[in-house]
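Here is the structure we will look at, set down as structure tokens.
The values are calculated or read from the model by the stated rules, or taken from the named source; none is laboratory data. Model, not experiment: these values are computed from the prediction. A quick note on method: Cβ atoms are made from the backbone with ideal geometry, for glycine too, and the neighbour counts reach across all protein chains shown.
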Amino acid sequence: MLGAWWKICLSVITMIVLGYMMIDNIRTNSKENYRGYETWFVISLGWVAAVLTLLVGIAFSMKRQRVS
């Protein structure tokens, strides 16, 4: 019986809680900027960080691993 309850908690309850937290965080951050930074600063550096993360991930995935 514990196995079924664990699957329900993981697949349903956890997703509901995380979804609520994400929506609440987006709503809170859209009302006021992070630690009082200006909007252009938060948006520009946020996008720069996101794009750089994607580019670094792509670069690492394309690099061949050497076999010893």
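Miscellaneous remarks
- Residues that are under 21 Å from the mean Cα position of the chain (by Cα) number at least 1 in the following helices (runs of 4 or more DSSP H) confined to the chain: 14-31, 39-62.
- Pairs where the first residue, in segment 27-56, is surrounded by 10 or more Cβ atoms within 10 Å (Cβ to Cβ) and the second is at pLDDT below 80 and in a helix (DSSP H, G or I), C-beta under 7 Å, 6+ apart: Val42/Tyr34
- Against the criterion of being charged (D, E, K, R) and exposed (fewer than 10 other Cβ atoms within 10 Å of the Cβ), Lys7 does not qualify.
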